[in-house]
Amino acid sequence: MNPRLVFASILLLCATTATAASPSSSLGLLVDSANAQTARDGLRVLGATPGSVADQLGLRPGDVLVDINGTSLANLGADADGRALAAATFNSSLADLAPTAPLRLRVLRDGVFLAMNAPLHAAATSASVAPAEGAGDPPVGGGCGRISTFDVAPRSEHLYGAKILLLDGVTPGPTGTPSFRVSAGTHKLLVAENIPTREMGVGSYASLRSRRDNSKELTVTVKPNTTALLAARLNTEKAADFAHGAYWDPVIWREIPEDCR
Amino acid sequence: MSEQELNFRDLAARLPASATAHVPPADLWPRIVATHLNRRRQRRWRRLAAGGGALVLVAALAITAGVWRHAATPTIDWQARAQALELQLDALPTPAASNPLAQLAESELAHLDGNLQAAYDRGAAPRDLDPLWQRRSELLDALLSVRRQQVLLSRI
């Protein structure tokens, strides 16, 4: 298969999507392209991104893609590197489809063949989150909001999980809750980072020893009916600076509108 | 008594002759000292060697125990966990209204899945795939908790 052709096809398909690495990714489909041995009956589905076209089609982990628009994906063997040729065939078939062409899949699930169909242009749908209304406005008195440690921060921005040790000098509760309701206004937090050691680029022993006292203070202004999402930002340039704690900072990385009642 | 005195005298008379006959060599005492020091040194080395051996043995035992414990610790199959969570998510009713937190989780999941697929496409090793599956599992867990809360609120 010509890599340039595939790349051009990918670009064409990705023109309507925000982020996509390969045609299967643009569908929100995760397939086992690395292993030809598991691709005898077809291409094995490892997962479908929630909310994606693959998810809406009804694909799920364990499914086997037997053919795509009449092109068989079974018994295609391996390429020179031992990877499943079925994946390359699937991607090229997908890339060859016109944006408005129907996508027809035959799927093997628990020994039963299923037919799944969807227009490809549905792949243009992508999740996007608008910033909270009034973001940047001065805080409004009264009302309530939330501070959340819900760890969905993008790792590509070096944002990791954080834990609130103290909220206005008090241990927040109940334990295990990722979100805390607070009155609208300014609050003082004592925050601990939860950055995985492997991201530090140093030995785990050295890292654990030096990270015992890793809490930092953060002042947050919570707007009414807004959830402020807290994270720990890894300062990659100072990743080894444990002594002064310069390797991380607590940050509010996003504010989203959410009724706090 | 006189017999004893005689004996002493006799001995005294004989002594100078035998003493001169058995004059020790001049280097005897230094040799004795050297031998003594040598033996002390050997004993010290033997003790050190025994101590070192014991230390090595203890270290070897500790390492073996650590390796055994590590091997005995159940490792989490993050891929299986993520797939199980995905099936749980599928089983939940589709929420009527979108939730900003769920959207954030989905957005990060889409980004992560792109990276994960790229890793499979380039034939990444399991040790490189594992952290990605772990993160996928965490995000699905987060999404699941939001969706469950949504379902609960819609029922109330």
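Summary table
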item	result
Single unsatisfied condition, A:Arg209 versus (1) at pLDDT below 95; (2) under 26 Å from the mean Cα position of the chain (by Cα)	(2)
Subset of region A:64-90 that is in a loop (DSSP other than H, G, I, E, B) and within 11 Å of chain B (Cβ to nearest Cβ) - its residue that is farthest from B:Ala119 (Cα to Cα)	A:Asp79
Answer residue from region B:124-156, given it is at pLDDT 90 or above and in a loop (DSSP other than H, G, I, E, B) and is nearest to the other protein chains (Cβ to nearest Cβ) among those	B:Ala124
Filter pass, A:Val182 being at pLDDT 85 or above, over 17 Å from A:His158 (Cα atoms) and in contact with a Gly (Cβ under 7 Å, 6 or more places away or on another chain)	yes
Residues of region B:99-123 satisfying the condition of being in a helix (DSSP H, G or I) and of a type outside the set (A, V, I, L, M)	B:Pro100, B:Gln103, B:Glu106, B:Ser107, B:Glu108, B:His111, B:Asp113, B:Gly114, B:Asn115, B:Gln117, B:Tyr120, B:Asp121
Test result for A:Val53, at pLDDT 90 or above and either buried (at least 20 other Cβ atoms within 10 Å of the Cβ) or at the interface with another protein chain (Cβ under 10 Å from one of its Cβ atoms) (or both)	no
Criterion: out of contact with any Ser or Thr (no Cβ under 6 Å at 6 or more places or on another chain) and either modelled with pLDDT of 90 or more or under 19 Å from A:Lys188 (Cα atoms) (or both) - qualifying residue of A:Ile256, A:Ile252	A:Ile252
Residue satisfying all of: in region A:97-131; more than 21 Å from A:Thr49 (Cβ to Cβ) and within 14 Å of chain B (Cβ to nearest Cβ); modelled with the highest pLDDT among these	A:Asp110
Where B:Thr75 falls short, out of the listed (1) within 31 Å of the chain's Cα centre (by Cα); (2) exposed (fewer than 10 other Cβ atoms within 10 Å of the Cβ); (3) within 13 Å of chain A (Cβ to nearest Cβ)	(3)
Matching residues, region A:77-88, being surrounded by fewer than 20 Cβ atoms within 10 Å (Cβ to Cβ) and not small (Gly, Ala, Ser)	A:Asp79, A:Asp81, A:Leu85
Selected residue (criterion: modelled with the lowest pLDDT) from residues of region B:80-113 that are surrounded by fewer than 17 Cβ atoms within 10 Å (Cβ to Cβ) and at the interface with chain A (Cβ under 7 Å from one of its Cβ atoms)	B:Asp90
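Every residue, every condition in (1) hydrophobic (A, V, I, L, M, F, W, C); (2) touching a helix residue (DSSP H, G or I) at 6+ places or on another chain (Cβ under 7 Å); (3) free of Cβ contacts under 8 Å to residues at least 24 places away in the same chain; (4) assigned by TED's automatic domain parsing to the domain that holds A:Tyr160, yes or no:
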site: A:Thr219; (1), (2), (3), (4): no, no, no, yes
site: A:Thr226; (1), (2), (3), (4): no, no, no, yes
site: A:Thr236; (1), (2), (3), (4): no, no, no, yes
site: A:Asp241; (1), (2), (3), (4): no, no, yes, yes
site: A:Ala246; (1), (2), (3), (4): yes, yes, yes, yes
site: A:Trp253; (1), (2), (3), (4): yes, no, no, yes
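The values are calculated or read from the model by the stated rules, or taken from the named source; none is laboratory data. Note that the structure is predicted; figures quoted are calculated from it, not measured. Virtual Cβ from ideal backbone geometry, glycine too; neighbours counted across all protein chains shown.
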